[in-house]
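Asker: Okay, here's the structure, questions in a sec.
The values are calculated or read from the model by the stated rules, or taken from the named source; none is laboratory data. As the structure is a computational prediction, the values presented were derived from the model and not from experiment. Backbone-built Cβ (ideal geometry, glycine too); neighbour counts: all protein chains shown.
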Amino acid sequence: MKAPAQAARAEPRAYRWTMPANWWTRNRHYFLYTVREFTALPMALWLLWLLYDIKSAGAGAANFQPPRSAAFIAFSAVCFLFATYHSYTFLKLAGVIMHVKVLDKTVPPRAIIITMFGLWALATVVIGAVLIGFAR
Amino acid sequence: MAEKTITIKATRFDPDKDSAPRLQSYDIPFTDEAMVVLDALNYIKAHVDGSLSYRWSCRMGICGSCGMMVNGTPKLSCSAFLRDYWPKPVTVQPLNNFPIIRDLVIDMEDFMHKLKSVQPWIIRKQELPLGAGEHRQTTAQIDEFKQFSQCINCMLCYSACPVYGLNNEFLGPAAIALARRYNLDSRDQGLTKRLPVIADSEGVWECSFVGECSVVCPKGVDPAKAIQQTKLDTTLRFTLPFGNRD
(Lines give C-alpha, C1' and ligand atoms only; values in the text may rest on other atoms or scores of the structure.)
Protein backbone atom coordinates (compact mmCIF):
# COMPACT_ATOMS: atom_id res chain seq x y z
CA MET A 1 0.00 0.00 0.00
CA LYS A 2 1.24 3.44 -0.91
CA ALA A 3 2.01 6.00 1.73
CA PRO A 4 -0.41 8.98 1.62
CA ALA A 5 2.29 11.30 0.29
CA GLN A 6 3.14 8.87 -2.52
CA ALA A 7 -0.51 8.41 -3.42
CA ALA A 8 -0.95 12.17 -3.60
CA ARG A 9 2.05 12.42 -5.94
CA ALA A 10 0.67 9.66 -8.16
CA GLU A 11 -2.63 11.47 -8.67
CA PRO A 12 -2.07 15.22 -8.55
CA ARG A 13 -5.25 17.25 -8.20
CA ALA A 14 -5.14 19.42 -11.28
CA TYR A 15 -7.41 22.38 -11.96
CA ARG A 16 -9.58 21.54 -14.97
CA TRP A 17 -9.63 24.22 -17.64
CA THR A 18 -13.04 25.03 -19.13
CA MET A 19 -13.58 27.13 -22.22
CA PRO A 20 -15.50 30.34 -21.41
CA ALA A 21 -18.72 30.81 -23.38
CA ASN A 22 -17.45 34.13 -24.75
CA TRP A 23 -14.19 32.67 -26.10
CA TRP A 24 -14.96 33.91 -29.59
CA THR A 25 -14.98 37.54 -28.47
CA ARG A 26 -11.49 37.38 -26.97
CA ASN A 27 -9.48 37.52 -30.16
CA ARG A 28 -10.05 39.17 -33.57
CA HIS A 29 -9.26 35.95 -35.44
CA TYR A 30 -11.72 33.96 -33.32
CA PHE A 31 -14.39 36.58 -33.99
CA LEU A 32 -13.84 36.57 -37.77
CA TYR A 33 -13.83 32.77 -37.75
CA THR A 34 -17.16 32.72 -35.91
CA VAL A 35 -18.64 35.24 -38.35
CA ARG A 36 -17.39 33.10 -41.26
CA GLU A 37 -19.04 30.00 -39.83
CA PHE A 38 -22.23 31.84 -38.85
CA THR A 39 -22.78 33.11 -42.42
CA ALA A 40 -23.60 29.53 -43.42
CA LEU A 41 -26.74 29.50 -41.27
CA PRO A 42 -28.81 32.24 -42.98
CA MET A 43 -27.56 30.94 -46.34
CA ALA A 44 -28.89 27.48 -45.49
CA LEU A 45 -32.28 28.98 -44.58
CA TRP A 46 -32.38 30.94 -47.85
CA LEU A 47 -31.53 27.80 -49.83
CA LEU A 48 -34.30 25.86 -48.09
CA TRP A 49 -36.68 28.60 -49.17
CA LEU A 50 -35.32 28.33 -52.73
CA LEU A 51 -35.94 24.56 -52.73
CA TYR A 52 -39.53 25.20 -51.60
CA ASP A 53 -39.93 27.74 -54.43
CA ILE A 54 -38.57 25.29 -57.00
CA LYS A 55 -41.01 22.65 -55.78
CA SER A 56 -43.88 25.15 -56.10
CA ALA A 57 -42.79 26.12 -59.61
CA GLY A 58 -42.76 22.43 -60.56
CA ALA A 59 -46.47 22.22 -59.75
CA GLY A 60 -47.32 24.83 -62.38
CA ALA A 61 -47.07 28.58 -62.90
CA ALA A 62 -50.33 29.17 -61.03
CA ASN A 63 -48.84 27.74 -57.85
CA PHE A 64 -45.59 29.70 -58.10
CA GLN A 65 -45.75 32.72 -55.85
CA PRO A 66 -42.23 33.90 -55.05
CA PRO A 67 -41.99 36.10 -51.96
CA ARG A 68 -41.95 39.79 -52.85
CA SER A 69 -42.05 41.36 -49.41
CA ALA A 70 -39.48 44.00 -48.48
CA ALA A 71 -38.41 41.88 -45.52
CA PHE A 72 -37.60 38.90 -47.76
CA ILE A 73 -35.71 41.09 -50.23
CA ALA A 74 -33.70 42.56 -47.33
CA PHE A 75 -33.03 39.02 -46.01
CA SER A 76 -31.91 37.96 -49.50
CA ALA A 77 -29.55 40.95 -49.72
CA VAL A 78 -28.01 40.02 -46.36
CA CYS A 79 -27.67 36.40 -47.52
CA PHE A 80 -25.97 37.59 -50.70
CA LEU A 81 -23.44 39.56 -48.65
CA PHE A 82 -22.89 36.55 -46.38
CA ALA A 83 -22.47 34.22 -49.37
CA THR A 84 -19.93 36.60 -50.92
CA TYR A 85 -18.00 36.87 -47.65
CA HIS A 86 -18.07 33.09 -47.10
CA SER A 87 -16.91 32.41 -50.67
CA TYR A 88 -14.19 35.07 -50.46
CA THR A 89 -12.78 33.72 -47.20
CA PHE A 90 -12.97 30.12 -48.46
CA LEU A 91 -11.28 30.85 -51.79
CA LYS A 92 -8.61 32.97 -50.08
CA LEU A 93 -7.67 29.88 -48.06
CA ALA A 94 -7.48 27.66 -51.15
CA GLY A 95 -3.76 28.29 -51.44
CA VAL A 96 -3.27 26.85 -47.98
CA ILE A 97 -5.54 23.88 -48.48
CA MET A 98 -4.38 22.71 -51.89
CA HIS A 99 -0.99 21.17 -52.45
CA VAL A 100 -0.82 20.91 -56.23
CA LYS A 101 2.11 19.67 -58.26
CA VAL A 102 2.52 20.20 -62.00
CA LEU A 103 5.44 18.51 -63.77
CA ASP A 104 6.94 17.66 -60.37
CA LYS A 105 6.92 21.32 -59.26
CA THR A 106 4.71 22.70 -56.50
CA VAL A 107 2.24 25.30 -57.75
CA PRO A 108 2.62 28.52 -55.68
CA PRO A 109 -0.36 29.21 -53.35
CA ARG A 110 -0.89 32.61 -55.01
CA ALA A 111 -1.43 30.96 -58.40
CA ILE A 112 -3.97 28.57 -56.85
CA ILE A 113 -5.86 31.47 -55.23
CA ILE A 114 -5.96 33.46 -58.50
CA THR A 115 -7.17 30.36 -60.38
CA MET A 116 -9.91 29.71 -57.81
CA PHE A 117 -11.15 33.31 -57.97
CA GLY A 118 -11.04 33.12 -61.77
CA LEU A 119 -13.15 29.94 -61.73
CA TRP A 120 -15.55 31.60 -59.28
CA ALA A 121 -15.99 34.57 -61.66
CA LEU A 122 -16.43 32.21 -64.61
CA ALA A 123 -19.04 30.10 -62.77
CA THR A 124 -20.91 33.30 -61.82
CA VAL A 125 -21.01 34.47 -65.45
CA VAL A 126 -22.09 31.03 -66.77
CA ILE A 127 -24.85 30.56 -64.16
CA GLY A 128 -26.01 34.16 -64.68
CA ALA A 129 -26.16 33.63 -68.45
CA VAL A 130 -28.13 30.39 -68.03
CA LEU A 131 -30.65 32.01 -65.66
CA ILE A 132 -31.11 35.08 -67.89
CA GLY A 133 -31.40 32.80 -70.92
CA PHE A 134 -34.17 30.76 -69.26
CA ALA A 135 -35.96 33.91 -68.11
CA ARG A 136 -36.25 35.04 -71.74
CA MET B 1 16.31 58.56 -10.10
CA ALA B 2 13.77 55.90 -9.23
CA GLU B 3 14.43 52.44 -10.59
CA LYS B 4 12.24 51.45 -13.54
CA THR B 5 9.89 48.63 -12.56
CA ILE B 6 7.28 46.48 -14.24
CA THR B 7 4.33 44.65 -12.72
CA ILE B 8 4.05 40.93 -13.37
CA LYS B 9 0.72 39.30 -12.55
CA ALA B 10 1.34 35.57 -12.36
CA THR B 11 -1.14 32.75 -11.85
CA ARG B 12 -0.77 30.97 -8.51
CA PHE B 13 -2.41 27.65 -7.84
CA ASP B 14 -1.56 25.22 -5.09
CA PRO B 15 -3.59 22.02 -5.57
CA ASP B 16 -3.40 21.31 -1.84
CA LYS B 17 -4.79 24.69 -0.78
CA ASP B 18 -6.57 26.45 -3.64
CA SER B 19 -9.86 25.54 -5.26
CA ALA B 20 -9.13 27.75 -8.29
CA PRO B 21 -6.16 29.67 -9.71
CA ARG B 22 -5.66 33.31 -8.69
CA LEU B 23 -3.40 36.11 -9.89
CA GLN B 24 -0.61 37.50 -7.73
CA SER B 25 1.17 40.77 -8.55
CA TYR B 26 4.91 41.30 -8.32
CA ASP B 27 6.71 44.59 -8.97
CA ILE B 28 10.17 43.80 -10.22
CA PRO B 29 13.07 45.93 -11.54
CA PHE B 30 13.00 46.39 -15.31
CA THR B 31 16.70 47.06 -15.71
CA ASP B 32 17.44 45.84 -19.20
CA GLU B 33 15.54 46.38 -22.46
CA ALA B 34 16.48 42.82 -23.42
CA MET B 35 14.56 41.33 -20.49
CA VAL B 36 11.93 38.78 -21.40
CA VAL B 37 8.99 37.43 -19.41
CA LEU B 38 11.04 34.38 -18.42
CA ASP B 39 13.72 36.69 -16.94
CA ALA B 40 11.01 38.35 -14.88
CA LEU B 41 9.77 34.98 -13.60
CA ASN B 42 13.32 33.93 -12.79
CA TYR B 43 13.81 37.19 -10.87
CA ILE B 44 10.63 36.56 -8.87
CA LYS B 45 11.70 33.00 -8.09
CA ALA B 46 15.24 34.05 -7.09
CA HIS B 47 14.49 37.24 -5.14
CA VAL B 48 10.79 37.52 -4.27
CA ASP B 49 8.95 34.23 -4.05
CA GLY B 50 10.81 30.94 -4.44
CA SER B 51 7.60 28.93 -4.50
CA LEU B 52 6.55 30.14 -7.97
CA SER B 53 6.50 27.11 -10.29
CA TYR B 54 6.96 27.12 -14.06
CA ARG B 55 8.76 25.14 -16.75
CA TRP B 56 11.75 26.43 -18.65
CA SER B 57 15.03 25.19 -20.01
CA CYS B 58 16.97 26.63 -22.95
CA ARG B 59 16.05 30.37 -22.81
CA MET B 60 16.45 30.65 -26.58
CA GLY B 61 13.19 29.47 -28.17
CA ILE B 62 14.38 25.99 -28.99
CA CYS B 63 13.26 23.61 -26.24
CA GLY B 64 9.57 24.63 -26.22
CA SER B 65 9.30 24.29 -22.42
CA CYS B 66 8.33 27.82 -21.39
CA GLY B 67 5.04 28.31 -23.26
CA MET B 68 2.59 30.47 -21.29
CA MET B 69 -0.30 32.86 -21.85
CA VAL B 70 1.26 36.33 -21.91
CA ASN B 71 -1.48 38.95 -21.73
CA GLY B 72 -3.89 36.36 -23.09
CA THR B 73 -1.76 35.20 -26.03
CA PRO B 74 0.14 31.89 -26.11
CA LYS B 75 3.86 32.73 -26.29
CA LEU B 76 7.23 31.32 -25.38
CA SER B 77 8.06 33.36 -22.27
CA CYS B 78 11.73 33.40 -23.33
CA SER B 79 10.76 35.25 -26.52
CA ALA B 80 8.24 37.73 -25.06
CA PHE B 81 10.09 40.99 -24.42
CA LEU B 82 8.97 43.09 -21.46
CA ARG B 83 9.65 46.27 -23.45
CA ASP B 84 6.69 45.38 -25.68
CA TYR B 85 4.35 45.60 -22.65
CA TRP B 86 5.92 48.19 -20.32
CA PRO B 87 4.62 50.38 -18.63
CA LYS B 88 1.47 48.26 -18.55
CA PRO B 89 1.44 45.15 -16.34
CA VAL B 90 2.14 41.77 -17.86
CA THR B 91 -0.26 38.97 -16.98
CA VAL B 92 1.33 35.53 -17.15
CA GLN B 93 -0.97 32.51 -17.01
CA PRO B 94 -0.60 28.81 -17.77
CA LEU B 95 -1.39 27.69 -21.32
CA ASN B 96 -5.12 27.63 -22.00
CA ASN B 97 -6.92 24.34 -22.68
CA PHE B 98 -4.77 22.23 -20.35
CA PRO B 99 -5.28 21.15 -16.73
CA ILE B 100 -3.18 23.23 -14.32
CA ILE B 101 -0.95 21.22 -11.99
CA ARG B 102 0.59 24.11 -10.08
CA ASP B 103 1.01 27.85 -10.75
CA LEU B 104 2.15 28.10 -14.40
CA VAL B 105 2.72 24.36 -14.87
CA ILE B 106 0.21 22.50 -17.03
CA ASP B 107 -0.41 18.78 -17.39
CA MET B 108 1.00 17.79 -20.80
CA GLU B 109 0.10 14.09 -20.57
CA ASP B 110 -2.72 14.36 -23.14
CA PHE B 111 -0.42 16.00 -25.67
CA MET B 112 2.33 13.42 -25.14
CA HIS B 113 -0.17 10.61 -25.67
CA LYS B 114 -1.46 12.20 -28.89
CA LEU B 115 2.02 12.87 -30.17
CA LYS B 116 2.97 9.23 -29.69
CA SER B 117 -0.25 8.04 -31.35
CA VAL B 118 0.79 9.50 -34.74
CA GLN B 119 4.16 7.71 -34.60
CA PRO B 120 6.29 10.77 -35.45
CA TRP B 121 9.32 8.88 -36.59
CA ILE B 122 10.44 7.25 -39.83
CA ILE B 123 8.73 3.92 -40.37
CA ARG B 124 10.17 1.48 -42.89
CA LYS B 125 8.50 -1.71 -44.07
CA GLN B 126 11.88 -3.36 -44.05
CA GLU B 127 15.03 -1.79 -42.72
CA LEU B 128 17.94 -2.00 -45.11
CA PRO B 129 21.31 -3.16 -43.75
CA LEU B 130 23.71 -0.35 -42.87
CA GLY B 131 25.97 -1.46 -45.70
CA ALA B 132 23.28 -0.54 -48.23
CA GLY B 133 24.12 3.13 -47.67
CA GLU B 134 22.08 6.22 -46.84
CA HIS B 135 18.51 6.99 -47.81
CA ARG B 136 19.41 9.87 -50.12
CA GLN B 137 17.06 12.80 -50.68
CA THR B 138 17.02 15.69 -53.13
CA THR B 139 16.62 19.27 -51.93
CA ALA B 140 13.11 19.28 -53.39
CA GLN B 141 12.22 16.17 -51.38
CA ILE B 142 13.48 17.83 -48.18
CA ASP B 143 11.56 21.02 -48.97
CA GLU B 144 8.35 18.98 -49.04
CA PHE B 145 8.41 18.39 -45.27
CA LYS B 146 11.08 20.72 -43.85
CA GLN B 147 8.65 23.37 -42.62
CA PHE B 148 6.73 20.86 -40.51
CA SER B 149 9.92 19.47 -39.00
CA GLN B 150 10.55 22.82 -37.25
CA CYS B 151 7.91 22.00 -34.58
CA ILE B 152 9.36 22.11 -31.04
CA ASN B 153 6.30 20.61 -29.29
CA CYS B 154 5.73 23.79 -27.28
CA MET B 155 1.92 23.27 -27.35
CA LEU B 156 1.16 26.94 -28.07
CA CYS B 157 -0.95 25.74 -31.01
CA TYR B 158 -3.07 23.55 -28.71
CA SER B 159 -3.52 26.49 -26.39
CA ALA B 160 -4.69 28.73 -29.26
CA CYS B 161 -7.04 26.12 -30.72
CA PRO B 162 -10.69 26.63 -29.65
CA VAL B 163 -11.59 23.27 -31.19
CA TYR B 164 -9.20 21.53 -28.78
CA GLY B 165 -10.47 23.76 -25.97
CA LEU B 166 -14.05 22.63 -26.60
CA ASN B 167 -13.23 18.98 -27.33
CA ASN B 168 -9.94 17.66 -26.04
CA GLU B 169 -10.46 14.40 -27.92
CA PHE B 170 -9.25 16.33 -30.99
CA LEU B 171 -5.83 15.07 -32.06
CA GLY B 172 -4.65 18.65 -32.35
CA PRO B 173 -2.43 20.82 -34.56
CA ALA B 174 1.13 19.80 -33.64
CA ALA B 175 0.49 16.05 -33.73
CA ILE B 176 -1.10 16.32 -37.17
CA ALA B 177 1.65 18.63 -38.46
CA LEU B 178 4.26 16.11 -37.32
CA ALA B 179 2.33 13.22 -38.85
CA ARG B 180 2.33 15.12 -42.13
CA ARG B 181 6.03 15.84 -41.76
CA TYR B 182 6.72 12.09 -41.82
CA ASN B 183 4.05 11.26 -44.40
CA LEU B 184 5.74 13.70 -46.80
CA ASP B 185 9.21 12.30 -46.13
CA SER B 186 10.41 10.23 -49.11
CA ARG B 187 12.20 7.86 -46.69
CA ASP B 188 9.02 7.06 -44.76
CA GLN B 189 6.63 4.18 -45.47
CA GLY B 190 4.32 4.57 -42.47
CA LEU B 191 1.35 6.41 -43.98
CA THR B 192 -1.05 3.48 -43.62
CA LYS B 193 -0.08 3.09 -39.95
CA ARG B 194 -0.82 6.75 -39.21
CA LEU B 195 -4.01 7.04 -41.28
CA PRO B 196 -6.37 5.38 -38.77
CA VAL B 197 -5.42 8.09 -36.25
CA ILE B 198 -5.16 11.19 -38.44
CA ALA B 199 -8.14 10.45 -40.71
CA ASP B 200 -10.38 9.62 -37.74
CA SER B 201 -13.34 11.83 -36.84
CA GLU B 202 -11.27 13.19 -33.94
CA GLY B 203 -8.32 13.67 -36.29
CA VAL B 204 -8.16 16.13 -39.16
CA TRP B 205 -11.95 16.15 -39.63
CA GLU B 206 -12.54 17.71 -36.22
CA CYS B 207 -10.65 20.84 -37.32
CA SER B 208 -12.88 23.67 -38.57
CA PHE B 209 -9.95 25.81 -39.73
CA VAL B 210 -9.82 28.61 -37.19
CA GLY B 211 -6.17 29.02 -38.20
CA GLU B 212 -4.95 30.49 -34.91
CA CYS B 213 -2.52 27.56 -34.43
CA SER B 214 -0.44 28.86 -37.33
CA VAL B 215 -0.64 32.46 -36.07
CA VAL B 216 0.87 31.67 -32.65
CA CYS B 217 3.52 29.14 -33.75
CA PRO B 218 6.91 30.55 -32.66
CA LYS B 219 8.79 28.54 -35.28
CA GLY B 220 6.72 29.50 -38.34
CA VAL B 221 5.21 26.05 -38.74
CA ASP B 222 1.79 26.11 -40.37
CA PRO B 223 -0.22 23.34 -38.66
CA ALA B 224 -3.48 24.62 -40.19
CA LYS B 225 -1.96 24.04 -43.62
CA ALA B 226 -0.86 20.52 -42.63
CA ILE B 227 -4.37 19.69 -41.43
CA GLN B 228 -6.21 21.05 -44.47
CA GLN B 229 -3.79 19.38 -46.89
CA THR B 230 -4.19 16.10 -45.01
CA LYS B 231 -7.98 16.43 -45.35
CA LEU B 232 -7.62 16.82 -49.10
CA ASP B 233 -5.08 14.00 -49.41
CA THR B 234 -7.14 11.53 -47.38
CA THR B 235 -10.26 12.43 -49.36
CA LEU B 236 -8.48 11.85 -52.67
CA ARG B 237 -6.96 8.64 -51.31
CA PHE B 238 -10.36 7.19 -50.47
CA THR B 239 -12.24 8.48 -53.53
CA LEU B 240 -9.82 8.17 -56.43
CA PRO B 241 -8.81 4.75 -57.76
CA PHE B 242 -5.19 5.89 -58.07
CA GLY B 243 -5.21 7.70 -54.71
CA ASN B 244 -3.88 4.81 -52.67
CA ARG B 245 -0.23 4.72 -51.83
CA ASP B 246 1.72 3.31 -48.94
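Asker: Considering only segment A:89-136, state which residues are surrounded by 12 or more Cβ atoms within 10 Å (Cβ to Cβ) and part of a loop (DSSP other than H, G, I, E, B).
Answerer: Filtering segment A:89-136 down to residues surrounded by 12 or more Cβ atoms within 10 Å (Cβ to Cβ) leaves A:89-100, A:106-107, A:109, A:111-117, A:119-120.
Selection gives A:93, A:98, A:99, A:100, A:107.
Asker: For segment A:92-136, what are the residues that are modelled with pLDDT of 85 or more and of a type in the set (Ser, Thr, Tyr)?
Answerer: A:115, A:124
Asker: Let me ask something else. Based on this model, can you work out whether residue B:39 counts as more than 30 Å from residue B:180 (Cβ to Cβ) and surrounded by 14 or more Cβ atoms within 10 Å (Cβ to Cβ)? Outline the logic, then answer.
Answerer: Values: more than 30 Å from residue B:180 (Cβ to Cβ): yes; surrounded by 14 or more Cβ atoms within 10 Å (Cβ to Cβ): yes.
Criteria met by residue B:39.
Asker: Here's something else I'd like to know. What pairs can you find where one residue is in segment B:90-112 and farther than 14 Å from residue B:12 by Cβ, the other is among the hydroxyl-bearing types (Ser, Thr, Tyr) and surrounded by fewer than 24 Cβ atoms within 10 Å (Cβ to Cβ), and their Cβ atoms are less than 7 Å apart, with a gap of 6+ or different chains?
Answerer: Correct list of pairs: B:99/A:15.
Asker: Let me ask something else about it. Those residues that are away from chain A (no Cβ under 14 Å), in contact with a strand residue (DSSP E or B) (Cβ under 7 Å, 6 or more places away or on another chain) and either surrounded by 11 or more Cβ atoms within 10 Å (Cβ to Cβ) or at pLDDT below 95 (or both), I need them from segment B:5-34; list them, please.
Answerer: Here is the first cut: in segment B:5-34, the residues away from chain A (no Cβ under 14 Å) are B:5-10, B:24-34.
This time we only want the ones that are in contact with a strand residue (DSSP E or B) (Cβ under 7 Å, 6 or more places away or on another chain), so: B:5-10, B:24-30.
B:5, B:6, B:7, B:8, B:9, B:10, B:24, B:26, B:27, B:28, B:29, B:30, listed by residue number.
Asker: Please give the number of the condition residue B:65 fails out of (1) in contact with a Cys (Cβ under 8 Å, 6 or more places away or on another chain); (2) part of a helix (DSSP H, G or I); (3) among the small types (Gly, Ala, Ser).
Answerer: (2)
Asker: Evaluate segment B:89-110: report whether one residue or more is more than 14 Å from chain A (Cβ to nearest Cβ) and farther than 23 Å from residue B:213 by Cβ.
Answerer: Our first condition is that a residue be more than 14 Å from chain A (Cβ to nearest Cβ); within segment B:89-110, this holds for B:89-90, B:92.
From what is left, the residues that are farther than 23 Å from residue B:213 by Cβ are B:89-90.
Yes, there is a match, as at least one residue in segment B:89-110 is more than 14 Å from chain A (Cβ to nearest Cβ) and farther than 23 Å from residue B:213 by Cβ.
Asker: Hey, among the residues in segment B:164-192 that are within 13 Å of chain A (Cβ to nearest Cβ), free of Cβ contacts under 8 Å to residues at least 60 places away in the same chain and more than 16 Å from residue B:217 (Cβ to Cβ), which one's surrounded by the fewest Cβ atoms within 10 Å (Cβ to Cβ)?
Answerer: B:167
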